[in-house]
Every structure is written in C-alpha cells, then in structure tokens.
Amino acid sequence: MIASLLSRIGIEVWKDIPNYEGLYQVSNLGNVRSLNYRRTGKVKNLVLNINSTGKQCVDLYKDGFRLNLYAHALVSSAFLNHKPNGHKIVVDHINNKPLNNKLYNLQLITQRLNASKDRKGTSKYTGVCWDKNNNKWIVSIVINGSNKFLGRFTDEKKAAQAYQNELKKI
C-alpha cells in the first residue's frame, strides 16, 4: 500500500497493465502511458476520454485489436490485483467522483455494498425503510431482479437482522 500513500502526496508510481506488459503502463495517479507510442519507440501519456457514464476510459491496442477500458479498472488491476469477476467484487470510488482514479480513492467491495453504500434513506441499514402509513420498518431484498418482501417490524435492528438472515440463505 506504499503506492496508495504516494498517490496521496502526488508521487507517481508506474506498473505494467496486466495482459499488456511491455506495451502500456498505468500509474497510481490514474494516468496511462504507451511504452511504444505509434510504434515510434517513444513513451507517451495517453489522453483519457470521458464516456457517457462520466468515467474515464482509454483505448489500448494489442495484436491488431482495440479495447476500450476504464482507467479505474486499469489502476485496480495493476495495484490491487483485481481480476474482473462479473459483479461479485467491483471497484468503488470512495469519494463518489468517477474522475478521481488515484489509488487512494479506489477500493474493492461487493456489488451489493456498492449499490447501497451511498443511498440516502430513512434507515442506516440496507434493505430497511420506514413505512409512515403503518409506523413500522419494512424489510425487502432483491434476488435475481425480484423484490422479496420480508416483513414489517417495530424495531429497526430486528428488521436489519431479518435482512441479514435472508442474505445468509442466498
């Protein structure tokens, strides 16, 4: 995690991008560079583009194929050894600013936590919300795209426990 500390103070550390060793590198500050820019033998930082989701991405070329990749995914694969695995473990921007791809601002968390960590609601617990009509806490969980109702509770902690119990069954 030395690279993470160095990114806080602006000291740049470069690492090869997995599967692009010798071709491209990424830094702990979120920059990407080509080690043989346009086959000239020159090292050059690449321009990061902002896509429609507001995230920075860059085109990488290998064996005649172009791949458009997110900058935060490149940083996490090189420095955090993250291997994309669907939506089980994802890269999260801690400060919720997708243009800040510095290593200290990235963390690996579950998709479920990432989807719920920044929600503003009436409960501090995931899956729990206040039903003002009945003056009770409602608990529900989404499983494979389907919403499953778990019940109403007078105690918020008991409602959260019901959610956790259902989560353990999955």
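Computed quantities for the displayed model
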| quantity | calculated |
| --- | --- |
| Per-selection metrics, segment 21-170 (Cα): Rg and Dmax in Å | 21.0, 70 |
| √(5λ) per eigenvalue of the Cα gyration tensor, segment 127-170, largest first, Å | 19, 12, 6 |
| Among C57, T154, L103 - extreme Cα towards positive end, dipole of the chain, charges at beta-carbon | T154 |
| Extended-chain gain in nm, criterion 0.36 nm per residue less alpha-carbon gap, K62 and R33 | 9.0 nm |
| Residue-by-residue Karplus 3J(HN,Hα) for segment 125-138, coefficients 6.51, -1.76, 1.60, Hz, glycine and proline x | 9, 5, x, 10, 9, 8, 9, 6, 5, 9, 6, 9, 8, 9 |
| Separation of the N81 and N147 label points, Cα + 7 Å toward Cβ, nm | 4.1 |
| Rounded percent of accessible protein surface that carbon and sulfur make up, the chain, 1.4 Å probe | 51 |
| Accessible surface of Y163 - all protein chains present, 1.4 Å probe, nearest 10 Å² | 10 |
| ³J(HN,Hα), Karplus 6.51/-1.76/1.60, whole Hz, each residue of segment 22-34, x for Gly, Pro | x, 10, 9, 9, 10, 10, 5, 9, x, 8, 10, 9, 8 |
| Residue with peak Gaussian network fluctuation, the chain [Cα springs, cutoff 10 Å], from N105, N19, N114 | N19 |
| Cα→Cβ-extended label distance, 7 Å offset, between T40 and K157, nm | 6.5 |
| Electrostatic dipole magnitude of the chain [Cβ: Lys, Arg +1; Asp, Glu -1; Cα centre; debye, to 20] | 220 |
| Nearest-10 value in Å² for the accessible area of W130, using the 1.4 Å probe | 100 |
| Estimated vicinal HN-Hα couplings, Hz - segment 146-161 in sequence order (Karplus 6.51, -1.76, 1.60; Gly, Pro = x) | 9, 8, 10, 6, 10, x, 10, 9, 7, 10, 5, 5, 5, 5, 5, 5 |
| Residue-normalised accessible area of segment 1-101, given per residue in Å² at a 1.4 Å probe | 63 |
| Mean ellipticity per residue at 222 nm, deg cm²/dmol - from DSSP H runs of n ≥ 4 across the chain, formula -39500 (n - 2.57) | -6000 deg cm²/dmol |
| Sequence-distant aspartates and glutamates (8 or more away, or on other chains) whose Cα lies within less than 16 Å of K158 | D131, E166 |
| Sequence of R39, R152, R8 from largest to smallest accessible area, 1.4 Å probe | R39, R8, R152 |
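The values are calculated or read from the model by the stated rules, or taken from the named source; none is laboratory data. Everything numeric in this text was worked out from a predicted model, so none of it was measured. Cβ sites come from the backbone with ideal geometry, for glycine too, and all protein chains shown count toward neighbours. The accessibility values were calculated without ligands, DNA or RNA, using every heavy atom of the protein model including side chains. Shrake-Rupley method; radii C 1.70, N 1.55, O 1.52, S 1.80 Å.
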